[in-house]
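**Student:** Below are the structure tokens for one structure; questions will follow.
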Amino acid sequence: MTSREHFRRHHSQAWACVLLLALGLACSRGAPAPLTHEAYVWQRDWSPELSDALTRVPAEFGALRILARERSGPRRTPVDVAVDVDALVRSGREVVAVLRVDGTAPLDGISLEEVAAHARAWKARGVRVRGIEVDHDCATSALAGYTDWLERERALVPDLKLSITALPTWAASPDVERLASIPDDVVLQVHAVRAPTLFTTEEALGFVESWSKATGRAFRVALPTYRVRLRDGTRLSAEPRDVSRFVALLRERPVRGVTGVIWFRLGHRGDPDAWSRSTLEAVVRGEPLTPSLTPRLVDAGGGTRDIVIENTGRVDADAPMRLTLSGNLEVLDGVGGYAPHGTSLVARTPPRLRAGERRVVGFVRGTEVSLVVP
């Protein structure tokens with residue numbers, strides 16, 4: 001090989017390395033950062049179960065947003081939540097103290113200092129305080145006044161980072177850009193926005209895209225993990241499959257500005273209307289959401305057998321509407337919403353069993369009795 005050929009070969013290899021390095025840097029710059037995860041702790045009455053749940057938060061969660069003070073009712077009476085500060089310390093997580101201001105009336109007489117005082121007191125006791133948050137469902141027509149209030153109050157607490165929650169309807173306001181420029185962090189709520197819907201994937205995506213176009217700033221998205229009963233008795237539920245599909249779509253087709261997800265709310269063993277921890281973990285990690293419900297008969301003594309349903313999987317799931325038995329049935333009765341109908345137990349509204357939950361739904365007495373597996 002001549003010296004010229006050697007030079008050309010070496011020069012070509014060097015340029016190939018430079019090109020690969022440049023492509024690698026371009027890809028790393030262009031690839032969106034993974035979504036961060038946090039959770040709201042919104043319970044007004046702290047229980048030992050809730051305090052325990054704070055020590056078993058999914059590993060993916062970087063921070064907890066804690067309801068600290070609430071202004072509600074016509075007079076906006078202030079109420080402080082009796083937070084277990086020691087549990088916050090034990091959790092080891094960063095914490096944001098939240099001021100909840102209900103309704104759409106003016107904010108006269110309300111100050112960020114109310115929640116800032118809680119945050120500073122927690123920090124003095126060893127909590128890793130990141131900042132404060134205002135959760136105020138302001139009417140879109142009153143957004144200019146809310147923006148003015150935030151601007152004034154923000155200047156009074158320069159030592160703490162400020163976050164606010166936002167409603168998708170604000171995206172249509174001419175004041176939304178100025179509003180979004182004031183806090184350090186914005187959390188867009190995409191659940192329970194339009195009655196009687198709690199959450200749909202398509203609607204939530206539309207909210208996120210509209211907010212992104214309207215503000216052009218980074219923001220997080222608040223997603224639901226709960227069920228609620230309306231005044232007319234209707235039950236609405238944030239289904240794990242629907243919420244998981246939304247998160248998957250955000251990962252596959254990132255929306256400009258979306259940096260993370262905040263889950264509302266962190267549940268515990270005594271909170272039957274919130275997802276179990278294992279369900280939340282499965283959704284966050286994109287794991288399969290296959291239910292595993294096992295009905296069986298358990299000897300209760302005296303010739304009676306309990307009819308039991310057990311959720312042996314990791315995902316919360318609705319119990320079957322009908323359980324059918326065979327054999328010589330002498331007595332058949334149901335509990336917990338189930339009632340006998342011939343040789344079956346039927347529930348008009350089947351209960352939801354959290355992962356690991358076991359529930360007795362009836363009892364039977366007879367001979368050669370067995371459950372009919374569909």
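The values are calculated or read from the model by the stated rules, or taken from the named source; none is laboratory data. Note that the structure is a prediction, hence the values are computed from the model and not measured. Cβ atoms come from the backbone with ideal geometry, glycine included; neighbour counts cover every protein chain shown.
**Student:** Just checking, how many residues over the stretch 210-220 are more than 17 Å from ARG194 (Cα to Cα) and out of contact with any strand residue (DSSP E or B) (no Cβ under 9 Å at 6 or more places or on another chain)?
**Tutor:** Residues in the stretch 210-220 being more than 17 Å from ARG194 (Cα to Cα) and out of contact with any strand residue (DSSP E or B) (no Cβ under 9 Å at 6 or more places or on another chain): 3 in total.
**Student:** Sticking with this one: Could you list, in sequence order, the residues of the stretch 134-157 that are assigned to a strand (DSSP E or B) and in contact with a Lys or Arg (Cβ under 6 Å, 6 or more places away or on another chain)?
**Tutor:** ASP135
**Student:** Something else now. Does the stretch 337-369 hold any residues that are loosely packed, with under 14 Cβ neighbours inside 10 Å and closer than 18 Å to VAL298 by Cα, and which are they?
**Tutor:** ARG358, THR367, GLU368
**Student:** Quick one: which residue in ALA347, ALA300 is at pLDDT 95 or above, closer than 24 Å to ARG229 by Cα and either among the small types (Gly, Ala, Ser) or touching a Cys at 6+ places or on another chain (Cβ under 9 Å) (or both)?
**Tutor:** The match here is ALA347.
**Student:** Can you pull out every residue in the stretch 114-133 that is surrounded by 21 or more Cβ atoms within 10 Å (Cβ to Cβ) and either among the aromatic types (Phe, Trp, Tyr) or in a loop (DSSP other than H, G, I, E, B) (or both)?
**Tutor:** Within the stretch 114-133, VAL127 is the sole residue that qualifies.
**Student:** So ASP232 ticks every box in (1) modelled with pLDDT under 95; (2) touching an Asp or Glu at 6+ places or on another chain (Cβ under 7 Å) but one. Which box is left unticked?
**Tutor:** Here ASP232 meets the rest and fails (2).
**Student:** Does VAL129 satisfy the criteria of being touching a Gly at 6+ places or on another chain (Cβ under 9 Å) and modelled with pLDDT of 95 or more?
**Tutor:** For VAL129, the condition - touching a Gly at 6+ places or on another chain (Cβ under 9 Å) and modelled with pLDDT of 95 or more - is not met.
**Student:** Could you tell me whether any residue of the stretch 138-150 is touching a residue at least 60 places away in the same chain (Cβ under 8 Å) and either on the phi > 0 side of the Ramachandran plot or surrounded by 15 or more Cβ atoms within 10 Å (Cβ to Cβ) (or both)?
**Tutor:** no
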